[in-house]
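The values are calculated or read from the model by the stated rules, or taken from the named source; none is laboratory data. Just so it is clear, the structure is predicted and the values come from calculations on it, not from any experiment. Using ideal geometry, Cβ is built from the backbone for each residue, glycine included, and neighbour counts are taken over all protein chains shown. Please note that ligands, DNA and RNA were not included when accessible areas were found on the heavy atoms of the full protein model with its side chains. Shrake-Rupley method; radii C 1.70, N 1.55, O 1.52, S 1.80 Å.
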Amino acid sequence: MALSPTAAQRRIIDAADPATGRLRGTPAQLAALVKRGLAFRHPRPPHDHFLTPAGHRTREAGSEPDGVTAAPGTSAPPDAAGVFAARVGGEETAPGGTGTARLREVRGAWQGLLELRRMTHPDGSTDRPCAWERSHLVRAAALALEAAGHRPAGPDGGDGYRVRATPQPEAVAVYEPDGAALRGCAETLERAGWHVGEHTEPRTRARYLLASPRKV
């Protein structure tokens, strides 16, 4: 079980790379985080240290978890840590910049996530989601969609994807009013290592995707 960090250790955790969880600190500081179960030392050179899932949860303590159910028309809470956040669609204020700067930021975050997959999977694979993604379902699915060039919905609705939490364990819902765009979202998530099924809401007859991270 992970132990609570000291104030100095919390500063190191808060300064971790937002995409990969890579840590910077003295050998003694990093070893102490490993002992507390908040970090691990990568077995391959240069043997950098990274946050464990418990370390990521510690860093994000105080933010609303992804598991809270949100209605299709509501927006997800902003990233409380003030670091990179993928666009889930429907936000009143979109996180990050715009244009080329945003594109670079999103691509960098996606490459960082692939590296996190490689480092945390025993076989070094990047074709399926890692533990961090399974504990941050909405943000992980939204990053895969935004990195692939899909357009998030604006605050007033209309075309564009919206990623929302669901009551089902390890599953998110993706809404997109345009049928072709919805199928494109499904293809993107499948390539990113998610199981995807298309469904119809009984009341509104709206089509949506139910996506869950593939484990094998």
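Working from label points 7 Å from Cα in the Cα-to-Cβ sense, the Asp156 to Arg118 distance is 4.4 nm.
With the simple model of a label 7 Å out from the Cα in the direction of the Cβ, Arg203 to Arg134 spans 3.2 nm.
Sort Glu92, Glu105, Glu176 from largest to smallest accessible area, using a 1.4 Å probe on the heavy atoms of the protein chains.
Working: Glu92 145, Glu105 75, Glu176 15 Å².
Highest to lowest solvent-accessible surface, that is Glu92, Glu105, Glu176.
For a label point 7 Å from the Cα of Leu210 along Cα→C-beta, name the residues of the range 149-179 whose backbone N is under 15 Å from it. In the range 149-179, the label zone of Leu210 (backbone N under 15 Å from the point 7 Å along Cα→Cβ) covers 164-175.
The distance from the alpha carbon centre of the range 116-168 to that of the range 180-216 is 12 Å, rounded to a whole number.
Averaged per residue, what accessible area in Å² does the range 113-216 show with a 1.4 Å probe, protein chains only?
On the way: 4770 Å² over 104 residues.
Ligands and nucleic acids excluded, the figure is 46 Å² per residue.
The calculated FRET efficiency for Leu103 paired with Gln168, based on their beta-carbon distance and R0 = 30 Å, is about 0.40.
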